[in-house]
Amino acid sequence: MSEFTQLVLLFFGTVFVNNFILVRFLGICPFLGVSKQVETAMGMGLATTFVMTLTGAATWLINTYILEALNLPFLQYVSFIIVIASLVQFVEMFIKKTSPVLYKSLGIFLPLITTNCAILGLALLIPLNGYSFIGSTVFGFGAGIGFTLAIVLMAGLREKLEFGDVPGVLKGVPVTLIIAGIMAMAFMGFSGLITI
Amino acid sequence: MSVNAKQLISDFKNGLWQENPIFRLVIGMCPTLAVTNTMVNGLAMGLATSFVLISSEIVVSLIKKLIPGDVRIPSYILIIATFVTFVDYFLKAFYPSIAASLSLFVPLIVVNCLILGRQETFASQNPVHRSFADALGMGIGFTWALLLLSAVRELFGMGSMFGLQILGDWYRPMVIMVLPAGAFITLGILIAIMNVIGKNATNDTTCH
């Protein structure tokens, strides 16, 4: 298999087969919290995808050239979280300077991304899976797209749910979780489709 | 009983039910859903999180005056990450099989919003003894909720509890319960039940 094919498979595998939210349980908080409207869900998804792609590349560099080179694996958690926090800060400042329109739509989501466990999970999975530099970037991008897919689908369902007749006790969080369960069942259909 | 002791007891009891992290506040969902496929994992996760929560609340409330307001969140995260590294190495050394099955979710305690949230709302504003009571209550509240969820999932999904076979051969395990889909559905139903018991169904995710 050529390297390109492998990267394409890695991308689709990350989006569908090992979806970060519905299969790996990473990033459940924004999935439940920011999925009331399709528009905001889309904004959150895009901001997260952006940060995830950069995180994929940055953690590979830090891990390979600093942590592994100097034999400091015990600093992994501390250094990854610092990388993510500063990356988010940097992205926020960059977008604010270059594109005020984009900042207006993504701005409020950026601070929330630091504590999104999908990002730290992504950073920790990269050394575990032993991806290359390009592989890590593709993995980050695929994870972000998978996150966006799940959160936008959920927001679409919840918008419809507003008009549904939900029993009183299930209103709010419980019914959202049950819908997520049914979505996870649907995503189980993808399992085994791509094995890397 | 003095006012002080009463205060401590109410701080402690707060996390058990009134503000139970999982059933009432609905925070810290990633480990809640991911590691509750067996009771052993659920208990280990609950204890690990409680340890980190208690230690970091003590440290934060001790040094709260030294932390400048602007960099408090990064400082909290660093304190938390240090204790998480400690727990992770402890589990890997003494309980390698549990460490392997929790895998990624031990390091992810760093970004558990329950822990960061308690530093911000409680430990940074209250003295050490009250922070300790709060952390202990929250930790136990988190642990019992994880245990309940994992008990339901393990019993229906494998017919066992803590790895001991409870239901006989007649029982056909519902595999879905130990898979991701079962986690979401079980938690949804449990929260609905807790809402009925607690009457005031006002839970909404407070942190994202």
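The values are calculated or read from the model by the stated rules, or taken from the named source; none is laboratory data. Remember, predicted model here, so these are calculated numbers, not experimental data. A quick note on method: Cβ atoms are made from the backbone with ideal geometry, for glycine too, and the neighbour counts reach across all protein chains shown.
A few comments on the model shown:
- Spans of helices (runs of 4 or more DSSP H) in segment A:114-196 with at least 2 residues modelled with pLDDT of 90 or more and under 30 Å from A:Ser2 (Cα atoms): A:117-129, A:133-161
- Restricted to segment B:99-150, and to residues there that are surrounded by fewer than 24 Cβ atoms within 10 Å (Cβ to Cβ) and of a type in the set (Ser, Thr, Tyr), the residue that is nearest to A:Leu112 (Cα to Cα) is B:Thr121.
- Residue that is of a type outside the set (Ser, Thr, Tyr) and within 23 Å of A:Val17 (Cα to Cα), where the choices are A:Gly168, A:Gly164, A:Gly121, A:Gly172: A:Gly121
- Segment A:159-179, subset touching a residue at least 12 places away in the same chain (Cβ under 8 Å) and either facing chain B (nearest Cβ under 7 Å) or crowded, with 19+ Cβ neighbours inside 10 Å (or both), residue farthest from B:Phe23 (Cα to Cα): A:Ile179
- Screening segment A:109-151 for residues that are away from chain B (no Cβ under 14 Å) and surrounded by fewer than 18 Cβ atoms within 10 Å (Cβ to Cβ) and picking the one that is nearest to A:Leu75 (Cα to Cα) gives A:Gly130.
- Of the candidates A:Gly168, A:Gly189, the single residue that is over 14 Å from the mean Cα position of the chain (by Cα) and under 23 Å from B:Leu25 (Cβ atoms) is A:Gly168.
- Evaluated against (1) surrounded by 19 or more Cβ atoms within 10 Å (Cβ to Cβ); (2) farther than 28 Å from A:Tyr65 by Cβ; (3) at pLDDT 90 or above, A:Leu106 falls short on exactly one condition, (3).
- When A:Ile82 is tested against (1) more than 11 Å from chain B (Cβ to nearest Cβ); (2) over 12 Å from A:Phe147 (Cα atoms); (3) not polar (S, T, N, Q), only condition (1) is not met.
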